[in-house]
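Q: Starting off with a structure, shown below.
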C-alpha cells in the first residue's frame, strides 16, 4: 500500500498515522510526502488521518519504493561534480575497465574529462569469469583512481563485489557499482543499502525488468534511495557478433516504471569497440540520463576487456556527437 | 570464391574466364565487376585471365553475394518515389498494419506522406498467429493500397506470404515484404528471387545475423539483388513490457557484413505505441537507412496490432524529430 | 465457445443447433461429440437444444480444436503399420536425414526396422540454411523412400516445404512433416489442412507452446485433425555444445493442454550423435508418444546433418533401451 | 598446461618438478597424479623430470581443474550417509524449500528419508526476489535442519548466500549449496573454496556451460575439490507454462567435460508440481548422478515455492519410479 500525503500537511498527524501503522505491526517507509507500507494491502483511515492524505494506492508493484506510483518525480543524484537524473541532465562516465597503474589511470582520467565525463570509472576489484585472470589491484587501485579523479575535478564510480569491502571502497568512491553478475547478490545489495553512497545497479544477463526493480528495492528498503539503473545488454541467442544484446527499449520502459535515473553502458552491451559509437548514439537517442564507456590508449594490451575500449580520439569524437544529439533532443522539450 | 575484376577489363577475357569456370561445372554469378563462385574454393588463373583480375578471395562467407567482400559498395534501391540505401539517404515507410478499407488506407496514406514517408505500407494478406483472426482483404486490399499510394505519389510495400501470390502481388507493389515468420520459408525466398521486384526481408524471431544473411542469399542467388534487411526485434526472455527485444546493434553489425540497406521497424520491435518514438530515435541514431512504422487514427479499433500504432499527431512529431536527428548525423560525415 | 454434446443425443436436434449457430453467422466445427464455435463467446440455448448439450464452455484457448477442453480423449493416428498416440503406444521413426540414393535409403530402412521403427524418415526436399547446400533429390527421392518403406513394411514420414508440392508428396507419404522453419508458414499449414494426410508439426526455434498450438490450429481448422507435435529443441543462449536446447518439459506441458500426440526429436535437439542416446532416454522418460531419430552408416559422408546421425549399432542399442524404459513405465500405469 | 604424472613415480622428482615450476613463478595445483599449471603454456622437461611424467597437455580449457583432461576419473564425494558421483551411485536429496519450523522440517525429513533420500535439503537463508518476502529463519533454521537430518540418519545440504555466513553454516551442514543467482558471486565462491565442506553449485539462469565450469574453478582453485554441479533450468523465451527451461542435455555435456557429479533439480526447473515427476524421470534417464526435489505436506501454505513442491504421496511414488529407472539403466552397463 502507498499513502500519498498532502503537501504541507500537519506533521503531528502524519507521525500519528505512521506510528499507528507501525504498531500493526508493519514496515512503514517515508520519503518526502510518500509513504510505503509494503506488506499491508489496505487500512481504514480516521477522519483526522484522512485530512493529511492525498491518495491511498492499494495495488502496488513488488518494488514499491522504486515505482513512479510511490514517487512520481525523478530521483536526482547530486555529487560534487555531477548531477545524475532529472530533466535536461546527461552525465558522461568514462575510464579504463581496470585501474592498471597510477600513471595509466591519470592519463585516462584526463581523456575522460576532455570528453565531458564528470565521473571516472575503473575497477580495482574485478569480477572475472576465470579465477586465473587478473583480479584487480585492490586498495592500491582505489587510491590511484581517487587521485586521478580529484586531479581532474571528477567523481569516482567503482565496483564493489563483496560486502566485506563496502566500508573500504566507500572511503574512495562517490558511487558504488554493482556488477551484472551480482544483480541478485542480495547480501551485497543489503550491505550497500545501509550506506549513504549512491549505487549504480547493473542489470544482470538474465535480469528481467522486474528482477532489476526488485533488486533495486533491496537497496532502497535498507534506506539508501540514491540509486541509478544500468542497462548493459542481456544474454540472448544472438552472440556471434556482439557480446550481449543491448536492450535499449529498457530505457523508456524503466522510465515509465521507476523514478531512478537510467544509464546505458554500450561498451559491455556490444563488446566490440567499433560498434560502441553507433550504440552510444542510440543510447542517448533512447533517452538515457547518462552513459558509461570504457576507454584505453592501448586496447591490445589492456588488462581486461580491451576489444571493447575506445581509443581517446574515437571517444572524443563520440562524446561530442552524443552531447550534440542530447542538445538537439533538449530543444524538443 | 570471389573474383574481383579490374575496372574496364577486356570483356572477352572475362567471358572466357566465366565460361571456363562454369564448365568445371560451377555456378558463377556476376554483378558488375564482382564474380562469385559459391561452391569453388580456388582456381589457377592463366596469364590472360590474371590480366582482368584484381583480386581472388578464397575464404568467403556462406552468404557470399550479400557480403561486403563480394560487393564493397552499398546496394542502392531506386523506386519511382524513393531511394533506399547509400550515404545520406533515409527512407520513411509508414501506413496501417492492415489495409482495412479503401477510405481508411487513403486517409492513412495522406498522414504517412505528411510525415515524410515515401513508401506506403499495409497488409492485404496477414500472417496471424490464430487462424480465426482477420486474415486480410486480399486482392481488394492490394488495389486500395496501390490507389492510395498513387494518389499521394508514394511507393508501395506489402507482404507476400505465399509463393502462389507472388505474381498477383507483383502487379500492385513496388517492394515485397517477407515477414519474420517466413524468413526461412525457402520456397518463398526462391520465388521472389526470380522476380525483379525489390524485397524487404524481415529478420525472424530466432534469426541470427548469419541466418538472416543466408536467407537473403536465397533471394540473391535467384538473380534478384535488390534486397533490404529489416530489424524488427528478436525473441528473448524479456517480453513482459515489450513484445520483442529490439536488437539495434544489428544495424552496425549488418552494415559491416553486407551492402544491403538496413531498415528498422520499431513498431513490431516493441509492440507498444508509447515506446515507438524513443525507439525510432534510437533506430535512426544507430545508423539505419530507413524506418517502417505503423500508424492508425483509431488504434483501439484497428483490425490488427492496434496497441503499437502511432496516432497521426504522434507520428508527425516523431518523423520530424527523426529527420532532424538524421540531418544532425549527416553533418558529421 | 465449446459445446460438448451428450452421448447418443438426437442428431436432428444437433443439426438444428449447428445450423442455427452457422446462420449467426459463425464457423462451427464438429468432431465427434465436440462442437467448437471459435469466434462466438456465448449463446442462449433453447430447451430443445439444451437437451442435447452436456456442457457449454465459454472461455476457450485460441487453439480451441487442439485443446483438451474441446476433446478430452487422446487423438490416435492409425497408419498401415503404426499407431501414434494414446495410452501404451510408443512409435519409433528413423531414417537418414536426406534420401541420398535408392540403395542407401533401402539399407537405412532395414536398420530402422531392425530397431523397431515403424515409420521411415528421409528428406527429399531439404530446407537448408544456405542456398548452395544440397537441396534434396526431389521426386526421385520420394520414390526411393516409398519403395524402401514398402519393402520393410513401414510407413513414410517426409517433409513438405512448399504448398505447391503438397499433392505430389501426398502420393508418396503417410505423414507430412512440417519443419521448424515453416511452423508459422500459414499458407503451407492451410494447404496440408485441406488434405487427409496426417501432419507432424515441428516446433519452431522461437516457437512458444502457444505458438505451436495456434499453428496446429491452422491445420485443424482446415479439416485435418490427424496432427502430431514434435519437440526438437529451441534456440537459447546455450548453443556451444548443443545445436539447440531440448525442452523436454514441453512434453508434459503439451499433454496437459492438447490431445495430439507429442513426439520428440533428440537428433535435431542436440545435433551431436553422442548426446542423442541420453536424450532419447530422457525423451521416452518424459512421456513422449514416440521418437524420430536420424541414422547413417557413414555419418562423415552424409549429405546433411552427419554429426547428429547415429550409426546402426548405436541406434540398435539405443532403441532397445528406449523400449525397455517404455515397458518399465507401462508397468506403472 | 596439465602434467599427468606416472603412477608410482619418484615423489622426490615430482616435488623437484613442482618446485621448479613454482619458482617460474607459477601456480601449481596437484591432485593425485594430476598437475595443473594454469597460466603456463609449455615447459621443457629435463630427462629426470620426464621420467615421472606420463603426458604433458599444453592446450587446456580455462577451467582446468574441473576438466576430464586434468582428472579423467569421476570425482566421488563421500558423506556420512551418502556417496555422490561415480558409477552406479544415484543420490536422492529432498526436503522443504524453506525450513519453516522445527516440527515441520522433522516431519518432512521423515518423508524425504522414506523416499530414499540420504540428504535433507532446506533453506535457512533464502534468496528471494523481493526484499519483503520471507527471508528464512537464520541460525535457528540451521539447527532444526541439522537435528531433523540427524534424527533420520541423513546428511544436510543448505544454501549459503553470503561469505560472512560461511563459518556459521559450516557448523551445521554437510554440503554448501550456492544458488543460481550467486553462481558468479566470485567472493562467495572463493570463500567456500577455502573450506573443506563439499559444494553444490547451481547453474545460473543465464549461465552457459563454460560459465558454470569457470565458476566451479573458483572453488577448486581455492583448494576445495569436492564439487557437484546442479542443472536447475535456464531462462529462455518459453516461460508461460514452466518457470525455466530444463536443459537436460547439460547432463551428458557436463559429464563429457568434467569429472564432477551432475545433479538435476526438476523442482526449480519447471516450478509446477505436476510437471516434476515426468521431469524427474527424464532427469534420471539423462544419466544424472542424483536429484534434489522440494516436498511439502501443505504446499498452499508453504513459506516459499509452494507451487513446485511435491506432496508426500506423489514424492514417494516418484522416487520409487526413479530408482526403478536407475536400476534398469544399471543393468545396461
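Q: Just checking, which of D:57, D:31, D:37 is under 14 Å from residue D:5 (Cα atoms) and touching a residue at least 60 places away in the same chain (Cβ under 8 Å)? Outline the logic, then answer.
A: Values: D:57 fails: touching a residue at least 60 places away in the same chain (Cβ under 8 Å); D:37 fails: touching a residue at least 60 places away in the same chain (Cβ under 8 Å).
Among D:57, D:31, D:37, only D:31 is under 14 Å from residue D:5 (Cα atoms) and touching a residue at least 60 places away in the same chain (Cβ under 8 Å).
Q: Name the helices (runs of 4 or more DSSP H) wholly within the stretch C:151-263 that hold at least 1 residues that are within 12 Å of chain B (Cβ to nearest Cβ) and out of contact with any helix residue (DSSP H, G or I) (no Cβ under 9 Å at 6 or more places or on another chain)?
A: Numbers: elements: C:166-170, C:186-193, C:209-221, C:250-257.
Once the helices (runs of 4 or more DSSP H) in the stretch C:151-263 are filtered for at least 1 residues that are within 12 Å of chain B (Cβ to nearest Cβ) and out of contact with any helix residue (DSSP H, G or I) (no Cβ under 9 Å at 6 or more places or on another chain), what remains is C:209-221.
Q: With D:144, D:125 as the choices, which residue is under 23 Å from the mean Cα position of the chain (by Cα) and outside any helix (DSSP H, G or I)? Steps first, answer last, please.
A: Numbers: D:144 fails: outside any helix (DSSP H, G or I).
One residue alone meets the criteria, D:125.
Q: When the residues of the stretch B:1-41 are narrowed to those that are touching a strand residue (DSSP E or B) at 6+ places or on another chain (Cβ under 9 Å) and over 21 Å from residue B:68 (Cβ atoms), which ends up surrounded by the most Cβ atoms within 10 Å (Cβ to Cβ)?
A: Taking the stretch B:1-41 first, the residues touching a strand residue (DSSP E or B) at 6+ places or on another chain (Cβ under 9 Å) are B:1-7, B:9, B:14, B:17-18, B:21, B:27-30, B:32-38.
Among the residues that remain, those that are also over 21 Å from residue B:68 (Cβ atoms) are: B:9, B:14, B:17-18, B:21.
Details: B:9: 15, B:14: 19, B:17: 23, B:18: 18, B:21: 19.
Checked the stretch B:1-41; the qualifying residue surrounded by the most Cβ atoms within 10 Å (Cβ to Cβ) is B:17.
Q: May I pose another question? Kindly indicate which of C:221, C:206, C:149 is crowded, with 19+ Cβ neighbours inside 10 Å, touching a strand residue (DSSP E or B) at 6+ places or on another chain (Cβ under 6 Å) and assigned by TED's automatic domain parsing to the domain that holds residue C:239.
A: C:149
Q: All but one of (1) surrounded by 24 or more Cβ atoms within 10 Å (Cβ to Cβ); (2) under 21 Å from the mean Cα position of the chain (by Cα) hold for residue A:271; which doesn't?
A: It is condition (1) that residue A:271 fails.
Q: Do you know which residues across the stretch C:264-278 are part of a helix (DSSP H, G or I) and more than 10 Å from chain D (Cβ to nearest Cβ)?
A: From the stretch C:264-278, those part of a helix (DSSP H, G or I) are C:266-270, C:273-278; that's our starting set.
Answer for the stretch C:264-278, where residues must be part of a helix (DSSP H, G or I) and more than 10 Å from chain D (Cβ to nearest Cβ): C:267, C:268, C:273.
Q: If the requirement is being closer than 23 Å to residue D:328 by Cα, in the same structural domain as residue D:189 (by TED's automatic domain parsing), at pLDDT 95 or above and surrounded by 24 or more Cβ atoms within 10 Å (Cβ to Cβ), which of these qualifies: D:263, D:227? Quick ask: steps written out before the conclusion?
A: Working: D:227 fails: closer than 23 Å to residue D:328 by Cα.
Going through D:263, D:227 in turn, the sole match is D:263.
Q: Does residue A:189 satisfy the condition of being in contact with a strand residue (DSSP E or B) (Cβ under 9 Å, 6 or more places away or on another chain), surrounded by 22 or more Cβ atoms within 10 Å (Cβ to Cβ) and more than 20 Å from residue A:267 (Cβ to Cβ)? Outline the logic, then answer.
A: Values: in contact with a strand residue (DSSP E or B) (Cβ under 9 Å, 6 or more places away or on another chain): yes; surrounded by 22 or more Cβ atoms within 10 Å (Cβ to Cβ): yes; more than 20 Å from residue A:267 (Cβ to Cβ): yes.
Yes, satisfied.
Yes/no matrix, rows are residues, columns are (1) surrounded by fewer than 21 Cβ atoms within 10 Å (Cβ to Cβ); (2) in a loop (DSSP other than H, G, I, E, B); (3) on the phi < 0 side of the Ramachandran plot; (4) facing another protein chain (nearest Cβ under 10 Å):
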{"residue": "B:280", "(1), (2), (3), (4)": "no, no, yes, yes"}
{"residue": "B:284", "(1), (2), (3), (4)": "no, no, yes, yes"}
{"residue": "B:291", "(1), (2), (3), (4)": "no, no, yes, no"}
{"residue": "B:297", "(1), (2), (3), (4)": "yes, yes, yes, no"}
{"residue": "B:316", "(1), (2), (3), (4)": "yes, no, yes, no"}
{"residue": "B:321", "(1), (2), (3), (4)": "yes, no, yes, yes"}
{"residue": "B:324", "(1), (2), (3), (4)": "yes, no, yes, yes"}
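Q: Continuing with this model, one more query. Residue under question is residue B:138, and the condition is that it be at positive phi and crowded, with 21+ Cβ neighbours inside 10 Å; does it hold?
A: Working: at positive phi: yes; crowded, with 21+ Cβ neighbours inside 10 Å: no.
For residue B:138, the condition - at positive phi and crowded, with 21+ Cβ neighbours inside 10 Å - is not met.
Q: Shifting gears a bit: Just wondering, is there one or more residues in the stretch B:42-60 that are within 14 Å of chain C (Cβ to nearest Cβ) and surrounded by 17 or more Cβ atoms within 10 Å (Cβ to Cβ)?
A: Within the stretch B:42-60, the first condition is being within 14 Å of chain C (Cβ to nearest Cβ), and the residues that meet it are B:60.
Still in the list and also surrounded by 17 or more Cβ atoms within 10 Å (Cβ to Cβ): B:60.
The answer is yes, given that some residue of the stretch B:42-60 is within 14 Å of chain C (Cβ to nearest Cβ) and surrounded by 17 or more Cβ atoms within 10 Å (Cβ to Cβ).
Q: Test each condition in (1) away from chain C (no Cβ under 14 Å); (2) more than 28 Å from residue D:204 (Cβ to Cβ) for residue D:305 and report the one that comes out false.
A: Of (1) away from chain C (no Cβ under 14 Å); (2) more than 28 Å from residue D:204 (Cβ to Cβ), only one is false for residue D:305: (2).
Q: It is to be established whether one or more residues within the stretch D:175-183 are more than 16 Å from residue D:82 (Cα to Cα), more than 15 Å from the chain's Cα centre (by Cα) and free of Cβ contacts under 8 Å to residues at least 40 places away in the same chain.
A: no
The values are calculated or read from the model by the stated rules, or taken from the named source; none is laboratory data. Keep in mind the model is a prediction, meaning the values are calculated, not measured. Glycine gets a Cβ as well: all are built from the backbone with ideal geometry, and neighbour counts include every protein chain shown.
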